[in-house]
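Data first, discussion second: the structure below is written as structure tokens.
Read-outs throughout are calculated quantities, based only on the coordinates presented, and are distinct from any laboratory measurement. Model, not experiment: these values are computed from the prediction. Here the Cβ positions follow ideal geometry from the backbone for every residue, glycine too, while neighbour counts run over all protein chains shown.
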Amino acid sequence: MLRALPVEALSRRGRVLVVACIALITALAWWYLVHLEHQMSIQLDHDKMMAGMGMTMDMQWTAADVFFTFAMWTVMMVAMMAPAAAPVLLLFSAAQGKRAERIATLETTMFALGYVVVWTGFSAGAAVAQWALHQTAMLSPAMAASNPYFAGLVLIAAGAFQLTPWKSTCLTQCRSPLGFLMTNWREGKVGALRMGLGHGAYCLGCCWALMGILFVVGVMNLGWVAVLSGFILLEKVGPKGAIAARIAGVGLIVAGIVVIA
């Protein structure tokens with residue numbers, strides 16, 4: 001049974017702690033992405049220079065390449081998705097009511113861990129997909145689509161998904177976390193983890209197709225990463241998020257057709 005669901009029921013100290021943790025984790029993730037983008041830019045310039053001298057580079061991926069790509073996607077998912085997870089984390093923390101602070105903090109951490117597990121699983125799939133696209137020369141050295149038909153189809157698929165009932169269901173759960181907590185509440189640390197996994201799955205179900213756009217514009221194009229992060233936040237917490245999702249879907253389909261044409 002939930003003890004206190006409104007965020008106002010959470011102490012000021014508790015709200016500050018949750019928001020500060022999310023802000024710190026997001027800032028660290030973005031710092032790493034900026035650092036990584038700088039390093040990759042240097043490597044690309046080096047490769048271009050070597051190619052200009054007539055020297056070919058071995059483009060075969062190693063296991064280390066796949067691992068570091070997985071790590072990159074994991075950090076990028078945290079940077080993009082953590083702010084949008086703030087409302088449900090605040091509600092979950094408030095729902096701990098009058099429990100001991102140590103227990104409430106631990107269970108909130110377990111709930112957040114469920115989210116991280118879901119994001120990490122998606123990152124593993126994205127890394128494998130990037131490796132496969134690299135092997136088939138569908139991505140440029142800048143990790144952007146090198147084939148207009150592939151780019152167009154990705155945009156059309158992402159746009160079409162925005163208009164599906166699945167998207168609508170997942171977005172509703174993300175925009176109304178109170179309903180999820182009331183109907184899926186489980187006690188204890190394991191229960192908190194299971195709830196985090198469940199709501200994290202809705203979160204991923206809402207946004208996974210949008211992540212595919214990065215294969216079109218460049219996986220490490222931080223400008224587009226920021227745009228998508230802002231749009232995901234708008235979808236989930238903005239007053240007209242559901243309408244914005246459908247407008248974006250139509251826009252993506254049109255953009256995909258234009259790219260192919």
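What net charge is computed for the residues neighbouring Gly196, neighbours being all others with C-beta under 11 Å from the C-beta of Gly196, Lys and Arg scored +1, Asp and Glu -1? Can you show the working numbers first?
Details: positive: Arg186, Lys189, Arg194; negative: Glu107.
Charge balance near Gly196 sits at +2.
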Projecting the Cα atoms of Ala142, Ala104, Ala201 onto the charge dipole of the chain, where Lys and Arg contribute +1 and Asp and Glu -1 at Cβ, the residue farthest towards the positive end is Ala104
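Sum -39500 (n - 2.57) across every DSSP H segment of at least 4 residues in the chain, then divide by the residue count to get the 222 nm mean residue ellipticity, nearest 500. Provide the component values of the computation, followed by the final result.
Values: 10 runs with 207 residues, N = 261.
For the chain, the value works out to -27500 deg cm²/dmol.
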So, relative contact order of the range 7-260 in percent, Cα under 8 Å, 6 or more apart, is 26
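Which whole-number percent is the relative contact order of the range 73-207 (Cα, under 8 Å, 6+ apart)?
Details: 109 pairs, mean separation 49.6, N = 135.
Value for the range 73-207: 37 percent.
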One checks the Cα atoms of the range 7-260 and finds Rg and Dmax, in Å, of 19.9, 69
Ranked output for segments 249-261, 187-199 by mean other Cβ atoms within 10 Å, highest leading, reads 187-199, 249-261
